[in-house]
Each structure stands twice: as structure tokens, then as C-alpha cells.
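The values are calculated or read from the model by the stated rules, or taken from the named source; none is laboratory data. Remember, predicted model here, so these are calculated numbers, not experimental data. Ideal geometry is used to build each Cβ from the backbone, glycine not excepted, and the neighbour counts take in all protein chains shown.
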Amino acid sequence: MPGMARISVPDADALLDKSFPVLDHGFVRLVDYLGGDARIVQAARVSYGEGTKTVREDRALIDYLLRNRHTSPFEQVILTFHVKMPVFVARQWIRHRTARLNEISGRYSVMRDEFYLPRPVEVRTQSTRNRQGGERTVEPATAERVIGALRADQHSTYQHYQALLEDGIARELARINLPLSLYTEMYWQIDLNNLFHFLSLRLDWHAQYEIRAYGDVMATMVRAVCPLAFQAFEEHELNARTLSGSELEVLRRAIDPSRLADALEGSGLRKTRRRELLEKLGLRAEANAEANAEAGAGGGAETGAETGEDAPGVAEG
Ligand SMILES: Cc1cc2nc3c(=O)[nH]c(=O)nc-3n(C[C@H](O)[C@H](O)[C@H](O)COP(=O)(O)OP(=O)(O)OC[C@H]3O[C@@H](n4cnc5c(N)ncnc54)[C@H](O)[C@@H]3O)c2cc1C
């Protein structure tokens, strides 16, 4: 069967082993990847022994899988990153338990004199609406004062660290006062399904700026490894929003079905997607009418093959 061997993606290969700077001393490097869009569709179609088809069909299948939360084929793609980040970023990062990682050891190595200092534009006040967040930027003079204080503390703490090492104190003890702004490094490996979960949380505006900066760089790498999957992720996760039951109810009451019909007509969404939206909004009669129109269209590009509805190997065992 052609095309089933190790998958190589030229755009991803071009990124390998290149460090992309993040913050003042950090970076992200794509160490390796396993699989790509082709592996996702191979895995999804495994029960029929089929591999990739046309790009159009593969895109439709990947979109269908993500849209319907058939996530296991995405777990067949693995990415390994080498990341250098401040400790406070790493603490948030390692909450994502489905990754495998190996971090530099402060017991074994002398930690380098590298600390994160925000740029003046990133010095922000405490948010009044979100207890976990920053809000406004501050006057340049205030920003300089804040950065100066951070720098002075980092400098003195590192001087004490060095002095303890020179006194022969164990590295594992000498390091214990080093601040959260110290840079650490790790190899971090994760499958694509869980990486999408990481990115959807860490690219969100609620996430801290400093971890979002890493997410932005990683997103460009993921896009290179599997552009079709990334496109589906943007459509169905990153740019999508979940509504609560009460929120949905408000919307349902406010919707004018005829205006909605016009908007759908001009939306460019395929018939299946239009029906799905009507179903989500609880407009059953309209959804049934859309389903009948789909059936009337007689399959073809807008139904089974295009959407992946009838695609082999996507059903749960
Ligand atoms: C804006 C923001 C603020 C946050 N604030 C805080 C905070 O104040 N304090 C704090 O402690 N944390 C905080 N967190 C961390 C947050 O609570 C999660 O721990 C973190 O985002 C990882 O999410 P996860 O568990 O879904 O991801 P992962 O650990 O990557 O898990 C991915 C998926 O696998 C499932 N999974 C993983 N491990 C298991 C397991 N052992 N058993 C069953 N299912 C598993 C998860 O349920 C999830 O669906 C915050 C996160 C964000 C994004």
C-alpha cells in the first residue's frame, strides 16, 4: 500500500532544529514529529485499509473527525519540542498531564544567570474584573521602576546563589531561593489531540501573556506539521465558543428564523453544517427541511464523501 510508511512533511522538516525566540531569553524548537495529516486519515480509515485520498477528501474527513470529536486519530501524531521558559511559565505548562517531559536538573547543573524581565509594554496593572489577570499597561516611568526592582532582586539572588556554590553548598540547596523568573528548559512531547487542548487553553486571552507567547510560536509549528488538522482546530475549537444552556436559550428566543435562513444561505457553509447549526439552535423543523434538501441533492460533493459522513473507519468500534 503506497504512502503508509513514515510520513515526512517538507514544511515541518524546514523547521526542525531551529530555535524560535520567545520572551527575552526563551525559545521553542521543534525537535521531531511523527505523522501529519496523512497519518490522521490513515488511522481513521484503518478498518478499510485505505490511505489518503485527494486533499479535498482528506480535508473533509479531518474536519468531520474534529467536528464530531472523533479525536483518537489525532493521537497518532506526536510532536517533540525543546522549550526554554521562565519557571512560572513552566509551572502552568506542566499542568498538562498528558505530555511526557524531561527538565533540566537544578540538582545536577549550575543554573544560568538568565531571568525573565518583561518589556515595558508588558508591565500591567492587576485586573479588577479577573483576579488572575493583568489589565492595563502603565506609564513608562512606572514600567521602568518595576523592571528595575525585578532586575535588582534577580541580581542579588543570583549573587547569593553563586556565593553558596563557591562555599561548596550542594547545588540542590543553593538553588532554593532562585525566583520564578529564572529560565528552565525541557523536552516536551505530546500527541496532537492533547496539544490542541493545550493550545486552546493557552492561546485563549484568559491565559497569561507569557505562556500565550509560546503558544503562538508552537501554533505555527503545528500548522506546518498538519495544516489540514490545524485548520479544522481553528474552525471547531480555537475560534469556536461553547454556550451554556441558559445562553443558548436566550439566543433561541432572539432568533428570527427567516433572517437566520437568509444568513445561512449567504454563509458559504455546506448543507450538512447548516443542518448541524439549526439542530444546535433547536430549530428542528428547519433542520429537517435542510436534511431533506441534503437528501435531495443526492449525496456527492456536499454529503458523504465531502463531509466524511460515510467515510470508512470513523465510527466507534
Ligand atoms: C486560565 C487558566 C487558569 C488556571 N488557574 C489555575 C489555578 O488557579 N490553580 C490551579 O491549580 N490550576 C489552574 N489552571 C490549570 C487548570 O486547572 C488545568 O490543570 C490545566 O489547564 C490543565 O488542563 P487539563 O487538566 O484539561 O489538561 P491535561 O492535564 O493535559 O489533560 C487533558 C485531558 O486529559 C484528561 N486527563 C488528564 N489526566 C487525567 C487523569 N489522570 N485522569 C482522568 N483524566 C485525565 C483531562 O481531564 C483533560 O480532558 C488554570 C488553567 C488556565 C488555562
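Could you say whether any residue in segment 82-98 is buried (at least 16 other Cβ atoms within 10 Å of the Cβ) and assigned to a loop (DSSP other than H, G, I, E, B)?
Scanning segment 82-98 turns up at least one residue that is buried (at least 16 other Cβ atoms within 10 Å of the Cβ) and assigned to a loop (DSSP other than H, G, I, E, B).
How many of the residues making up segment 185-213 are hydrophobic (A, V, I, L, M, F, W, C), at pLDDT below 95 and within 19 Å of residue 236 (Cβ to Cβ)?
Qualifying residue count for the region: 1.
So which residues in segment 121-130 are within 16 Å of the ligand (Cβ to nearest atom) and either assigned to a loop (DSSP other than H, G, I, E, B) or surrounded by fewer than 12 Cβ atoms within 10 Å (Cβ to Cβ) (or both)? If you could, list the steps in order and put the result at the bottom.
Looking only at segment 121-130, we keep the residues that are within 16 Å of the ligand (Cβ to nearest atom), and these are 124, 126-127, 129-130.
Correct list: 126, 127, 129, 130.
Does segment 194-214 contain at least one residue that is without any contact (Cβ under 8 Å) to a residue 12 or more places away in the chain, over 13 Å from residue 93 (Cα atoms) and either in the same structural domain as residue 19 (by TED's automatic domain parsing) or surrounded by 12 or more Cβ atoms within 10 Å (Cβ to Cβ) (or both)?
Scanning segment 194-214 turns up at least one residue that is without any contact (Cβ under 8 Å) to a residue 12 or more places away in the chain, over 13 Å from residue 93 (Cα atoms) and either in the same structural domain as residue 19 (by TED's automatic domain parsing) or surrounded by 12 or more Cβ atoms within 10 Å (Cβ to Cβ) (or both).
Do you know which residues across segment 131-164 are modelled with pLDDT of 95 or more and assigned to a loop (DSSP other than H, G, I, E, B)?
None - no residue of segment 131-164 is modelled with pLDDT of 95 or more and assigned to a loop (DSSP other than H, G, I, E, B), so the list stays empty.
Out of the residues in segment 223-247 meeting the condition of being aliphatic (A, V, I, L, M) and surrounded by 14 or more Cβ atoms within 10 Å (Cβ to Cβ), tell me which one is farthest from residue 65 (Cα to Cα).
The residue in question is 224.
Of everything in segment 188-226, what is hydroxyl-bearing (Ser, Thr, Tyr) and more than 12 Å from the ligand (Cβ to nearest atom)? Give them in sequence order. So that I can check it myself, show each step before the final result.
Within segment 188-226, the subset hydroxyl-bearing (Ser, Thr, Tyr) is 200, 209, 214, 220.
Across segment 188-226, the qualifying residues are 214, 220.
Please work out which one of (1) over 15 Å from residue 93 (Cβ atoms); (2) within 16 Å of the ligand (Cβ to nearest atom); (3) free of Cβ contacts under 8 Å to residues at least 60 places away in the same chain is the condition residue 176 fails and give its number.
(2)
Could you list, in sequence order, all residues of segment 165-182 that are in a loop (DSSP other than H, G, I, E, B), among the hydrophobic types (A, V, I, L, M, F, W, C) and more than 14 Å from residue 113 (Cβ to Cβ)?
First, the residues of segment 165-182 that are in a loop (DSSP other than H, G, I, E, B): 167-170, 178-181.
Filter once more, so that each one left must be among the hydrophobic types (A, V, I, L, M, F, W, C): 169-170, 178, 180.
Within segment 165-182, 169, 170, 180 meet the criteria.
Within segment 99-120, which residues are part of a loop (DSSP other than H, G, I, E, B), modelled with pLDDT of 95 or more and hydrophobic (A, V, I, L, M, F, W, C)?
Across segment 99-120, the qualifying residues are 99, 117.
Out of all the residues in segment 49-69, which are surrounded by 19 or more Cβ atoms within 10 Å (Cβ to Cβ) and either within 16 Å of the ligand (Cβ to nearest atom) or within 24 Å of residue 18 (Cβ to Cβ) (or both)?
Kept after step one, since they are surrounded by 19 or more Cβ atoms within 10 Å (Cβ to Cβ), are these residues of segment 49-69: 52, 58-66.
Of everything in segment 49-69, just one residue is surrounded by 19 or more Cβ atoms within 10 Å (Cβ to Cβ) and either within 16 Å of the ligand (Cβ to nearest atom) or within 24 Å of residue 18 (Cβ to Cβ) (or both), namely 66.
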